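Asks: My questions will all concern the structure given below.
The values are calculated or read from the model by the stated rules, or taken from the named source; none is laboratory data. Please read these numbers as outputs of a predicted model, since none were measured by experiment. Here Cβ is always computed from backbone atoms with ideal geometry, including for glycine, and neighbour counts include all displayed protein chains.
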Amino acid sequence: MLIVVCIKQVPDTTQVQIDPVTNTLVREGIPFIANPYDTHALEEALRLKDQFGMRVVAVSMGPPNAEATLRKALAVGADEAILLSDRVFGGADTLATSNVLSAAIKKLNEQEEVGLVLCGKQTIDGDTAQVGPGIATRNGYSQLTLVDRVDQVDLAGKKIRVRRKLEGRHEIVEAPMPAMLTVVRELNRPRYPTVPLRLESEDREVKVWNNEALKLDVNSIGLKGSPTWVSRIFSPEREKGEIVGDGLHDPKGTSRLLIEKLLSKDLLPV
Amino acid sequence: MTVEKKPVKKPRGKARLIEGRCIACGARCESSCPVNIISMNDAGEPVINAEKCIGCVKCVKVCPAQAIDMFFTPEEQQLLDELMKTADAALEEDDPEAAALASKLAQYRNVWVFIEQTEGEPARVSWELLGKGRELADALGVELIAVVFGEKVENLCHESFAYGADKAYLVDAPVFRFYRTEVYLKALCQLIETHKPEIILMGATGLGRDLAGAVATVVGTGLTADCTGLGIDDKRNLMQTRPAFGGNIMATIMCDKFRPQMATVRPHVMTLPERREGASGEIVPISCPIDEKDILTKVLEVINDKKGKDHVDVAGAEFIVSGGRGMMGPANFALLKELADELGGVVGASRSAVDAGWMPHDRQVGQTGKTVRPKIYIACGISGAIQHLVGMQDSDLIIAINRDKEAPIFEVAHYGIVGDLFQVVPELVLGIRELKQQ
Amino acid sequence: MTPNFIIYAPLLAVSLLFFSWSCYKRFALIAVGQPENRFEQLDQRIMGVLTYALGQKRVMARSFGLNHAVIFWAFLVLLLANGEFLISGLFPALNLALLPGPIHHLLQFAFDAVSLLALAGVVLAAGRRLFFAPDYMETSYTSAKSAEAFLILGSIALLMLAYFGLHGAMIAMGKESATYMPVSGLASTLLAAVPAENLQALVSFFWWLHALVLLLFINYLPHSKHMHILTAIPNCFFKSLEKPNTQPREEFVKGGRFGAGSVDQLAWKDLLDGFSCTECGRCQSVCPAAITGKPLNPRQVVHDIKINLLKGSLEQDSYVPGQPLIGTGEGSVSEDAIWSCTTCGACMAACPVLIEQMPKVVKMRRHLVQMKSQFPEELLNLFENMEGRSNPWGIAPTDRTKWYATMDVKPFDADTTEYLLYVGCAGSFDSRQKHVTVALAHILDAAGISWGILGKEELCCGDSLRRLGNEFVFDKLAKQNVALFNEKRITKVITQCPHCFTTLKNDYRQYGLELEVIHHSELIDSLLTSGKLKLNHQVKELGKIAFHDSCYLGRHNDVYDPPRNVIAAATGSAPQEFERNHENSFCCGAGGGRMWMEEQLGSRINLNRIEEALAGKPDTLCVSCPYCLTMFADGIKDLQADQIQVKDIAEVVAEGLRPVNQ
Ligand SMILES: Cc1cc2nc3c(=O)[nH]c(=O)nc-3n(C[C@H](O)[C@H](O)[C@H](O)COP(=O)(O)OP(=O)(O)OC[C@H]3O[C@@H](n4cnc5c(N)ncnc54)[C@H](O)[C@@H]3O)c2cc1C
Ligand SMILES: Cc1cc2nc3c(=O)[nH]c(=O)nc-3n(C[C@H](O)[C@H](O)[C@H](O)COP(=O)(O)OP(=O)(O)OC[C@H]3O[C@@H](n4cnc5c(N)ncnc54)[C@H](O)[C@@H]3O)c2cc1C
Ligand code: SF4
Ligand code: SF4
Ligand code: SF4
Ligand code: SF4
């Protein structure tokens, strides 16, 4: 049985800065990394592999250089890596992205039964959290988002029980497999690759599938298959640090002032 | 006035990348180019083979970052300027395709807001959305409709009217008691198919994002995530503004060729509308033939985080009030606990406070403790050593209370109060309590 | 006097055979270690033997060391005496009397006197073990009062007594003259009461006593810690010529094994070290981890390696380890022990036989990190931050320039700037250390130095990675750095961090990069001495200043005087010394990557050092390392000694640059 892990290569956005003069994104020298949530998804897959002996396939849709990210997945123990790369996949929104990913997963399913698909909760660039549900819906899998604990996997009964982390509450949910899970950081602590595995992964194959392999309608993928488009990008108003009031001499007034400020931005959970 | 008859060919120019603007959006330009002359480099930026450019401007239009413009040689530029002077304003061509699209889109009307509830308890964001939805509906001249799913939740329809809805679609059945993607998905898709809304808004909550992503996929329309701003443009299209790249940029997203236009909206961003007691509207009960037997997904247990408080998980908390050496002693942490309780959060600590034995190690935030990313982090009596900062600087909002105005914590704080925490914190608690009583 | 040839000859033969076999077994085991070249620069090696082995330099550094030196030198002299004894036992004609008279007489005198010295030494040693044993002689496996120790001391004493008995009786019988053997002569007077006819029996008795004890002693040696009698001299010969703070490179080829997870993955010298350990406990007595109650004890590490090696079996050419090197129980080193090391190097500086304890720990770390991915949780962030963002905290590299918001700082350019100021991660990101960077920048400007920085191109030096055993990532980082330095044609580098200092200076040399690396204390010292830097006033406002030697500046790189000179020049008086200073300085607790780990076991190392400082009641603690700065600042707060401030040496000097009227 296969576990498919979807990994997106993203720019390390914590290193992104806004040029104060031109007010544009400074991307110079910013490395690409695996989306951090996806490394937790991969880790969970590897743990299930250790426990049940399933095979782990890492899949990514992206430009040719996303191969580097998949190679890292091989270095921590993924059995196979597939890069979905084609000009016609480019410029995709989440609808088009999930189309390509779900097609690739279906294709994998033809070779070996897919039991689980693991995604990150969201990416740190697009930030939408929509691709996972897109895959689950297209492939008719159970959809379990925001998983922070996997309680039980019943391979024979094809059932999985997880805990989901929601606002102010947790839910224990049981669902039939195949299932698509999106995972949060609290789920686990990703392992660190050993050097022998790293060295070995250097010449393992990362398969590349283009649209000839997936045979998708070009109007349903990439830019053409994307109902949303980004019309404009601008820099947010930077909130510079601000010293509120005079806390030394007027603690009461200052506290009220702070509460007002938080309220005006609707930041207080009351 | 004599117009020269010579047929001057309007120079089309060549596409060119403007240095430093590209955000590596994922090769939109490359895929838009009809003659395949754009390739992407390792940094994810386009390399345009300008010689072969046919000047179709597709890449320019598609680039979200306005990173590509058309370049003209000085001669061409001169020609253009002349043409500009002479040419009449170009007439909008009648595009048959556009007309067909317009009539298709016209079938969709009204603004819907999905009312989220857990065990009958509504999510506040739903009311915020009714406020925004009202604005949008008024701008479009359509109805604002609340969509209520659940078991025994008719009261939420009335509540929706109080917050501005004209009408409510009510799906009320035991199978809807707990949110399960499959069930809600089927019902909402059925509703969309029959009633064709032009806009659907949901809270960008765990539930909202789970459902919206599935619905948009089945309906085959665009979905914009986690919006912080919504507006209507001059063509009845929804302009959806949202942060991306970890909040480093804002993007305005359009979905102008598809309906419904779906968006999830970040909680606490839209203002809560005033509640109009006794406002009424039409409740449209909808029945969805879903049999519990067919639904294999079961919610076995819902754990309220506020109740099961024996295990405090600082790493996953949404509100954290942390204390440092400035707390002076273990007993004073009760003060922070009060504030944390008001916010529904937990108490964290700096290593100094942990070393002093005032707090257990599992509450330590920082380099050798937990890394936290709460919505609000309040640092009380913490100086802000780098070992502490690395554990909390990704918090959405940082508030620092410290009596030393030079303390490095103020460098990362969004709001700082220079003062004695023993005076400020109790005032904050009082202030929030008063607010709650209002 | 002729002993029974028939009995003695086979006895001697068997003894020698057994001894040779024992030695062979052990030396063959040493050969299972990994190859390592320890044969280059013979002149230096011979010097090493002369100073440390024959000269007993390290041994005598401790108060009781003279005693050992005396026994050792006596032993060397008596080697000759006992050689003669064993041979003349077989062939009575072959003896030292064949030598020219004066030489023979000199030797007779020497043997006699030296035997007395040895006897005294042995008695003193036994007395010390019995009545004044320092606690560092105890470990969980050995004790100062161990039977082995007394067995050895006892047999040496017996040998001496038998010697005097034998020669006393001979003199009494008139077969030898007391002229050149005063002590034996004294013994003969004691034997005066013995009837003449019994004297021959007495001679035989003492002779056999001497012979048996000697043969037993020889055969016991290889099986005891006194193997060091045989290995200590070679161990000094094969000492590391470089400072062993720099670990050897590893070659990352597929199918390789990295670090040491089993005893045969250590180098042969590491194994020789095991047999050379005298179990003196000096390393233990200075180890900050051991002192603060952590499970690491360098002496035990060395001992465990020996035990582990002996537990394995050597069949034909293949060695099968008897138990894992890393684990629990005697013969294995625990993971907690391995992660407790601060790589301070105190153990190596203390060891009389030049054993290299710390590199063994790093080799085991390498195994854990690189083969097993097993390390304290906190290090995961560190490793990923280092690899992804080239700094330990994972801060955006663009923030490296934030420290000079209010200053005009030039980028390094080989054509226009002379020195690179390598700011370092702490100097760039840590708000406290940023003040030091600014102070240093002001000093450089005031002295008219031409300098520049790499800004956001600067990478971490990788010190912590290397000491933590993540050689793979260190290797990548080092190569990037070396390429960057070469590309920018950088030759002179100023650092404000001893860890950057040692890494750029010593570690990168292994990558072919020769730099002139100057620690800021050295630079400021030379600027003050040459008069290029002039202070506006003598710094009195910091009160009494105590100076702490950072391990990586002092012990690892022998920079002791420059910081002291700087303080003296800036304040007008020499700094106050900690009780443990210079080579004996005590770690702040942050080295070896400990800076990135929680200190859960035992007591805190920084507190130990601060308590030591408090004894001298200083007003200011002066450091020259960003890690020490953090450790001291934290320790002072923990001990509520807030009246003391911690300053970097650059800040002390910058204080003096301020105009007087301010
Ligand atoms: C500024 C900006 C704003 C955008 N806003 C929207 C928007 O509002 N709506 C919209 O539909 N699109 C939007 N997009 C496009 C969207 O980012 C891309 O479609 C992207 O390919 C997938 O979305 P995501 O990064 O948000 O992934 P998410 O849905 O957040 O990803 C969830 C998980 O899906 C998996 N996954 C996602 N992408 C891939 C991949 N390429 N390969 C393998 N696994 C993957 C990963 O496991 C990931 O953790 C935006 C793009 C930009 C640049
Ligand atoms: C290896 C190592 C790992 C470390 N890991 C961590 C870690 O994970 N997390 C961590 O937090 N630290 C860590 N540290 C410790 C770090 O270096 C700092 O010492 C620590 O963060 C300081 O804690 P503090 O801010 O509470 O105390 P202090 O630095 O003493 O600051 C106390 C602050 O309280 C203010 N104050 C005092 N009284 C009042 C009052 N009445 N009202 C308002 N303000 C007041 C003071 O102005 C001061 O700024 C680590 C250190 C080391 C060496
Ligand atoms: S203008 Fe048209 S032809 Fe030229 S690069 Fe852009 S898309 Fe390609
Ligand atoms: S479309 Fe614009 S932002 Fe996207 S890759 Fe091309 S130039 Fe960059
Ligand atoms: S290097 Fe320092 S901490 Fe490590 S074993 Fe030696 S003395 Fe102990
Ligand atoms: S390793 Fe060196 S210092 Fe330590 S006990 Fe052995 S001989 Fe003594």
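Asks: Is it the case that the range A:163-185 has a residue that's of a type in the set (D, E, K, R) and part of a helix (DSSP H, G or I)?
Replies: Scanning the range A:163-185, I find at least one residue that is of a type in the set (D, E, K, R) and part of a helix (DSSP H, G or I), so the answer is yes.
Asks: Of the residues that make up the range C:497-507, is at least one part of a strand (DSSP E or B) and buried (at least 24 other Cβ atoms within 10 Å of the Cβ)?
Replies: No, the range C:497-507 has no match at all.
Asks: Can you name the helices (runs of 4 or more DSSP H) wholly within the range B:349-438 that have at least 3 residues being buried (at least 24 other Cβ atoms within 10 Å of the Cβ) and within 28 Å of the chain's Cα centre (by Cα)? Quick ask: steps written out before the conclusion?
Replies: Working: elements: B:351-355, B:386-392, B:409-412, B:421-437.
Counting at least 3 such residues, we get B:386-392.
Asks: I need the helices (runs of 4 or more DSSP H) fully contained in the range B:12-87, keeping only those with at least 1 residues that are within 21 Å of A:ASP86 (Cβ to Cβ).
Replies: On the way: elements: B:28-32, B:58-62, B:74-86.
It comes to B:28-32, B:58-62.
Asks: Filtering the range C:226-253 down to residues that are β-branched (Val, Ile, Thr) and away from ligand 6 (no atom under 12 Å from the Cβ), which residue is nearest to A:VAL195 (Cα to Cα)? Quick ask: steps written out before the conclusion?
Replies: Just the residues of the range C:226-253 that are β-branched (Val, Ile, Thr), to begin with: C:229, C:231, C:233, C:246, C:253.
Subset that is away from ligand 6 (no atom under 12 Å from the Cβ): C:229, C:233, C:246, C:253.
On the way: C:ILE229: 41, C:ILE233: 38, C:THR246: 21, C:VAL253: 10 Å.
Ranking the candidates gives C:VAL253 first.
Asks: Also: Scan the helices (runs of 4 or more DSSP H) fully inside the range C:279-328 and keep the ones with 3 or more residues being over 14 Å from C:TRP339 (Cα atoms).
Replies: By residue number, C:282-286, C:298-311.
Asks: Name the residues in the range C:309-356 that are among the polar types (S, T, N, Q) and touching a strand residue (DSSP E or B) at 6+ places or on another chain (Cβ under 8 Å), would you?
Replies: As a first pass, look at the range C:309-356 and keep what is among the polar types (S, T, N, Q): C:313, C:316, C:318, C:323, C:328, C:332, C:334, C:340, C:342-343.
Once the filter is applied, which keeps residues that are among the polar types (S, T, N, Q) and touching a strand residue (DSSP E or B) at 6+ places or on another chain (Cβ under 8 Å), the range C:309-356 yields C:SER313, C:SER332, C:SER334.
Asks: Next up: Out of B:LEU300, B:LEU339, B:LEU238, B:LEU272, report the one residue that is surrounded by fewer than 18 Cβ atoms within 10 Å (Cβ to Cβ), modelled with pLDDT of 90 or more and within 12 Å of another protein chain (Cβ to nearest Cβ).
Replies: Details: B:LEU339 fails: surrounded by fewer than 18 Cβ atoms within 10 Å (Cβ to Cβ); B:LEU238 fails: surrounded by fewer than 18 Cβ atoms within 10 Å (Cβ to Cβ); B:LEU272 fails: modelled with pLDDT of 90 or more.
Step by step, each of B:LEU300, B:LEU339, B:LEU238, B:LEU272 is checked, and only B:LEU300 is surrounded by fewer than 18 Cβ atoms within 10 Å (Cβ to Cβ), modelled with pLDDT of 90 or more and within 12 Å of another protein chain (Cβ to nearest Cβ).
Asks: Name the residues in the range C:581-611 that are more than 14 Å from chain B (Cβ to nearest Cβ), under 22 Å from the mean Cα position of the chain (by Cα) and either polar (S, T, N, Q) or surrounded by fewer than 20 Cβ atoms within 10 Å (Cβ to Cβ) (or both), would you?
Replies: Correct list: C:ASN581, C:HIS582, C:GLU583, C:ASN584, C:SER585, C:ASN608.
Asks: Also, quick follow-up: Regarding C:GLY452, is this residue surrounded by 17 or more Cβ atoms within 10 Å (Cβ to Cβ) and either away from every other protein chain (no Cβ under 14 Å) or part of a helix (DSSP H, G or I) (or both)?
Replies: Details: surrounded by 17 or more Cβ atoms within 10 Å (Cβ to Cβ): yes; either away from every other protein chain (no Cβ under 14 Å) or part of a helix (DSSP H, G or I) (or both): yes.
Answer is yes for this residue.
Asks: Can C:PRO376 be described as outside the structural domain of C:LYS269 (by TED's automatic domain parsing) and under 30 Å from C:ALA441 (Cβ atoms)? Outline the logic, then answer.
Replies: Details: outside the structural domain of C:LYS269 (by TED's automatic domain parsing): yes; under 30 Å from C:ALA441 (Cβ atoms): no.
Considered against the rule, which asks whether it is outside the structural domain of C:LYS269 (by TED's automatic domain parsing) and under 30 Å from C:ALA441 (Cβ atoms), C:PRO376 comes out as no.
Asks: Out of B:LEU230, B:LEU207, B:LEU201, B:LEU191, report the one residue that is of a type in the set (A, V, I, L, M, F, W, C), part of a helix (DSSP H, G or I), more than 9 Å from chain A (Cβ to nearest Cβ) and buried (at least 22 other Cβ atoms within 10 Å of the Cβ).
Replies: Details: B:LEU230 fails: part of a helix (DSSP H, G or I); B:LEU207 fails: more than 9 Å from chain A (Cβ to nearest Cβ); B:LEU201 fails: part of a helix (DSSP H, G or I).
Answer to the check: B:LEU191.
Asks: When you go through B:LYS257, B:LYS293 one by one, which is the residue that is out of contact with any strand residue (DSSP E or B) (no Cβ under 8 Å at 6 or more places or on another chain), at the interface with chain A (Cβ under 9 Å from one of its Cβ atoms) and basic (Lys, Arg)?
Replies: Details: B:LYS293 fails: at the interface with chain A (Cβ under 9 Å from one of its Cβ atoms).
Sole residue among the options that is out of contact with any strand residue (DSSP E or B) (no Cβ under 8 Å at 6 or more places or on another chain), at the interface with chain A (Cβ under 9 Å from one of its Cβ atoms) and basic (Lys, Arg): B:LYS257.
Asks: Could you list, in sequence order, the residues of the range C:414-428 that are surrounded by fewer than 24 Cβ atoms within 10 Å (Cβ to Cβ) and either without any contact (Cβ under 8 Å) to a residue 40 or more places away in the chain or not assigned by TED's automatic domain parsing to the domain that holds C:ALA570 (or both)? Reasoning before the result, please.
Replies: Taking the range C:414-428 and keeping what is surrounded by fewer than 24 Cβ atoms within 10 Å (Cβ to Cβ), we get C:414-419.
Answer for the range C:414-428, where residues must be surrounded by fewer than 24 Cβ atoms within 10 Å (Cβ to Cβ) and either without any contact (Cβ under 8 Å) to a residue 40 or more places away in the chain or not assigned by TED's automatic domain parsing to the domain that holds C:ALA570 (or both): C:ASP415, C:THR416, C:THR417.
Asks: Shifting gears a bit: Residues of the range A:137-161 being more than 18 Å from B:THR205 (Cβ to Cβ) and under 20 Å from the mean Cα position of the chain (by Cα), which ones? Don't jump to the end; show me each part of the working.
Replies: Let us first name the residues in the range A:137-161 that are more than 18 Å from B:THR205 (Cβ to Cβ), namely A:137-142, A:149-161.
Listed by number, the residues that qualify are A:THR137, A:ARG138, A:ASN139, A:GLY140, A:TYR141, A:SER142, A:ARG149, A:VAL150.
Asks: From B:ALA331, B:ALA407, B:ALA353, grab the single residue that is touching a strand residue (DSSP E or B) at 6+ places or on another chain (Cβ under 7 Å), farther than 30 Å from B:GLU274 by Cβ and either at pLDDT below 95 or not β-branched (Val, Ile, Thr) (or both). Before you say what the answer is, go through the steps one by one.
Replies: Details: B:ALA331 fails: touching a strand residue (DSSP E or B) at 6+ places or on another chain (Cβ under 7 Å); B:ALA407 fails: touching a strand residue (DSSP E or B) at 6+ places or on another chain (Cβ under 7 Å).
When all the criteria are applied, what remains is B:ALA353.
Asks: Sticking with this structure for a sec: Using the structure shown, decide if B:GLY20 is away from ligand 2 (no atom under 16 Å from the Cβ), within 27 Å of the chain's Cα centre (by Cα) and farther than 26 Å from B:ASP256 by Cβ. If you could, list the steps in order and put the result at the bottom.
Replies: Numbers: away from ligand 2 (no atom under 16 Å from the Cβ): yes; within 27 Å of the chain's Cα centre (by Cα): yes; farther than 26 Å from B:ASP256 by Cβ: yes.
So B:GLY20 fits the description; yes.
Asks: Residues being without any contact (Cβ under 8 Å) to a residue 12 or more places away in the chain, under 30 Å from A:LYS261 (Cα atoms), exposed (fewer than 14 other Cβ atoms within 10 Å of the Cβ) and more than 7 Å from every other protein chain (Cβ to nearest Cβ): count how many of those fall in the range A:205-247.
Replies: The total comes to 2.
Asks: Mind counting the residues in the range A:248-267 that are in a loop (DSSP other than H, G, I, E, B) and within 7 Å of another protein chain (Cβ to nearest Cβ)? Even if it seems obvious, please write down each step before you answer.
Replies: Restricting attention to the range A:248-267, the residues satisfying the condition of being in a loop (DSSP other than H, G, I, E, B) are A:248-250, A:265-267.
The next check asks that each one be within 7 Å of another protein chain (Cβ to nearest Cβ); those that pass are A:248, A:266-267.
Qualifying residue count, the range A:248-267: 3.
Asks: Suppose we filter C:MET371, C:MET386, C:MET364, C:MET358 for residues that are assigned to a helix (DSSP H, G or I) and at the interface with another protein chain (Cβ under 9 Å from one of its Cβ atoms); which single one remains?
Replies: Values: C:MET386 fails: at the interface with another protein chain (Cβ under 9 Å from one of its Cβ atoms); C:MET364 fails: at the interface with another protein chain (Cβ under 9 Å from one of its Cβ atoms); C:MET358 fails: at the interface with another protein chain (Cβ under 9 Å from one of its Cβ atoms).
Criteria check complete, one pass: C:MET371.
Asks: Taking the range B:47-74 as the region of interest, how many residues are within 16 Å of ligand 1 (Cβ to nearest atom) and more than 12 Å from every other protein chain (Cβ to nearest Cβ)?
Replies: Qualifying residue count, the range B:47-74: 1.
Asks: I would also like to ask the following. Could you tell me whether C:VAL49 is in contact with a strand residue (DSSP E or B) (Cβ under 6 Å, 6 or more places away or on another chain), in contact (Cβ under 8 Å) with a residue 40 or more places away in the chain and crowded, with 18+ Cβ neighbours inside 10 Å? Break it down into steps so the answer makes sense when it comes.
Replies: On the way: in contact with a strand residue (DSSP E or B) (Cβ under 6 Å, 6 or more places away or on another chain): no; in contact (Cβ under 8 Å) with a residue 40 or more places away in the chain: yes; crowded, with 18+ Cβ neighbours inside 10 Å: yes.
No.
Asks: Out of all the residues in the range A:83-106, is one or more free of Cβ contacts under 8 Å to residues at least 40 places away in the same chain and away from chain B (no Cβ under 14 Å)?
Replies: Checked against the condition, which is being free of Cβ contacts under 8 Å to residues at least 40 places away in the same chain and away from chain B (no Cβ under 14 Å), the range A:83-106 yields at least one hit.
Asks: I need a count of the residues in the range A:53-82 that are within 14 Å of chain B (Cβ to nearest Cβ) and not in a loop (DSSP other than H, G, I, E, B).
Replies: At the first step, the residues of the range A:53-82 found to be within 14 Å of chain B (Cβ to nearest Cβ) are A:60-69.
Narrowing further to those that are not in a loop (DSSP other than H, G, I, E, B): A:60-61, A:64-69.
Of the residues in that region, 8 qualify.
Asks: Next up: Kindly establish whether B:ALA216 is buried (at least 22 other Cβ atoms within 10 Å of the Cβ), farther than 15 Å from A:THR145 by Cα, in contact (Cβ under 8 Å) with a residue 12 or more places away in the chain and within 12 Å of chain A (Cβ to nearest Cβ).
Replies: yes
Asks: Whether any residue in the range C:302-318 is more than 16 Å from ligand 5 (Cβ to nearest atom), modelled with pLDDT of 90 or more and polar (S, T, N, Q) is what I want to check.
Replies: Yes; the residues of the range C:302-318 include at least one that is more than 16 Å from ligand 5 (Cβ to nearest atom), modelled with pLDDT of 90 or more and polar (S, T, N, Q).
Asks: Here is a follow-up. Restricting the search to the range B:249-296, which residues are within 24 Å of the chain's Cα centre (by Cα) and outside any loop (DSSP other than H, G, I, E, B)?
Replies: Of everything in the range B:249-296, those that are within 24 Å of the chain's Cα centre (by Cα) and outside any loop (DSSP other than H, G, I, E, B) turn out to be B:ILE249, B:MET250, B:ALA251, B:THR252, B:ILE253, B:MET254, B:GLN261, B:MET262, B:ALA263, B:THR264, B:VAL265.
Asks: If a residue must be closer than 12 Å to C:SER585 by Cβ and away from ligand 2 (no atom under 16 Å from the Cβ), how many such residues does the range C:340-349 contain?
Replies: 3
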